[in-house]
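Okay, structure first, notes after.
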Amino acid sequence: MGDFLPYGRQSVSDEDIAAVTEVLRGDWLTTGPAVTRFEEDLAEYTGGTPAVAVTSGTAALHVAYAAAGIGPGDEVVTSPMTFVATAATAALLGGEVVFADVEADTGNLDPAAASAAVTARTKVVAAVDYAGHPAELDELGRIAHDNGALLLEDAAHSVGGSWQGRPVGSLADLTTFSFFPTKNLTTAEGGAVVAGSDELLARARGFRNHGLVRDKAAQRYPDEGAWHQEVHEFGLNYRLPDVLCALGSSQLRRLAEFRKRRAEIHARYTAALSSVDGVLTPAVREGADPVWHLYPLRVLEGRRRALFDHLRAKGIGVQVNYIPAYWHPVFEDLGYRRGMCPNAELYYSQELSLPLFPALTDSDVDRVIDEVQTFFKPREC
């Protein structure tokens, strides 16, 4: 049967290990110079837009929504084709999540659906770059700004990509990244918030560090003593430590290599599977320059589960990304109902993520292709 192929896996080199070891031998393990260096290194991929490193992609979303001032009574319009954290972190701050449907081909937030969902209470429109394909950020930005809201780009899948010639991280008011091991680069666990606004950046940095105010000019009681610090707004400890930021800086130096190999694998799948009756290969919109985190094959005629089981039985670790967020019982218990976003629900019913990570060999990819093709071959009578 061959070795088990996961759908995603980190790529860690000797240089990555050396970068981490150097920090472990130094004076800083938590918040030190490697954090600043990683934030500066990441900004080179976001058109110079500054970054705030945090402990996960989920933390990045929580920090971004907090920076945007989401609270009770505020609405966040977002896509259901995402990991639950995109919605959950807004709900945890008291926001009301409004799900808008996705485009039938990309699985990204549909601007027309987002426009119809926006109300006077909308504070954030949160797009998701599904599978690494950037959302239509220019149009979504106009919709958000015309209604007095901010655009948030959940770019957990798309660091290093671009839309209409502009890098991911430079297009939205707030952009969030994830550096989980299966993503396009890793810090083990980790994420970042990127924003061009000094005010949003300051609020993000504050929330990341318990809301502590150490600047005497901003304190209410500055004469208390040199040790004094204050909390004006609640925050949490979302600080990404030096040891993980060192890994992140090292991984960023390999991002172009990762991107190239992911594109090669994606193209190999598409070339072999686009002629297979019973599947649809991923779409690419004009102006999109994706960094492919997933290869979302669409399996037609209700055969997704059968193909999933077939490939898993052959040692191929396919995955499904994602259950529509409002299908989770936590949202069901808040009154959300199935049927709200038919495009998203159809996409989910068909989606199957094939293995995609830089260490996959061409023979690994061909093994996956062969098994998919075998599954769809007509049975002889």
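Scanning segment 307-324 for residues that are touching a residue at least 24 places away in the same chain (Cβ under 8 Å) and over 19 Å from residue 182 (Cβ atoms) gives 307, 310, 314, 324.
Filter segment 111-123 down to the residues that are under 26 Å from residue 292 (Cα atoms) and touching a helix residue (DSSP H, G or I) at 6+ places or on another chain (Cβ under 7 Å) and list them by number. Once the filter is applied, which keeps residues that are under 26 Å from residue 292 (Cα atoms) and touching a helix residue (DSSP H, G or I) at 6+ places or on another chain (Cβ under 7 Å), segment 111-123 yields 111, 114. Per the listing 72, 80, the residue uniquely crowded, with 24+ Cβ neighbours inside 10 Å, not assigned by TED's automatic domain parsing to the domain that holds residue 322 and not β-branched (Val, Ile, Thr) is 80.
In segment 212-231 there is no residue that is of a type in the set (Gly, Ala, Ser), within 22 Å of residue 158 (Cα to Cα) and either out of contact with any Lys or Arg (no Cβ under 7 Å at 6 or more places or on another chain) or in the same structural domain as residue 93 (by TED's automatic domain parsing) (or both). Take the conditions (1) surrounded by fewer than 24 Cβ atoms within 10 Å (Cβ to Cβ); (2) under 19 Å from residue 201 (Cα atoms); (3) of a type outside the set (D, E, K, R); residue 90 misses just one of them, which is (1). All conditions but one from (1) at pLDDT below 95; (2) closer than 18 Å to residue 249 by Cα apply to residue 20; the one that does not is (1).
Here residue 292 meets each of (1) surrounded by 15 or more Cβ atoms within 10 Å (Cβ to Cβ); (2) of a type outside the set (Val, Ile, Thr); (3) in contact with a Ser or Thr (Cβ under 8 Å, 6 or more places away or on another chain) with one exception, condition (3). Among the residues making up segment 257-312, those that are hydroxyl-bearing (Ser, Thr, Tyr) and more than 25 Å from the chain's Cα centre (by Cα) are 274, 275. Screening residue 132 with (1) of a type outside the set (Phe, Trp, Tyr); (2) on the phi < 0 side of the Ramachandran plot; (3) buried (at least 18 other Cβ atoms within 10 Å of the Cβ) gives one miss only, at (2). Annotation: residue 310 fulfils all but one of (1) under 30 Å from residue 61 (Cβ atoms); (2) of a type outside the set (A, V, I, L, M, F, W, C); (3) in contact with a helix residue (DSSP H, G or I) (Cβ under 7 Å, 6 or more places away or on another chain); (4) not assigned by TED's automatic domain parsing to the domain that holds residue 126; the unmet one is (1). What's the number of the only condition in (1) within 27 Å of residue 54 (Cα to Cα); (2) in a helix (DSSP H, G or I) that residue 234 fails to meet? Failed condition: (2). For segment 237-247, the criterion of being out of contact with any Phe, Trp or Tyr (no Cβ under 7 Å at 6 or more places or on another chain), aliphatic (A, V, I, L, M) and not in a helix (DSSP H, G or I) is satisfied by at least one residue. For residue 203, the criteria (1) under 22 Å from residue 127 (Cα atoms); (2) surrounded by fewer than 17 Cβ atoms within 10 Å (Cβ to Cβ); (3) not hydroxyl-bearing (Ser, Thr, Tyr) hold in every case but one, which is (2). Out of all the residues in segment 221-264, which are among the basic types (Lys, Arg) and touching a strand residue (DSSP E or B) at 6+ places or on another chain (Cβ under 8 Å)? Result: 239, single match. Got a number for residues in segment 131-180 being of a type outside the set (Gly, Ala, Ser) and under 18 Å from residue 117 (Cα atoms)? Looking only at that region, the number is 14.
The values are calculated or read from the model by the stated rules, or taken from the named source; none is laboratory data. Since the model is a prediction, treat every value here as computed from it, not as a measurement. We place every Cβ from the backbone using ideal geometry, glycine too, and count neighbours over all the protein chains shown.
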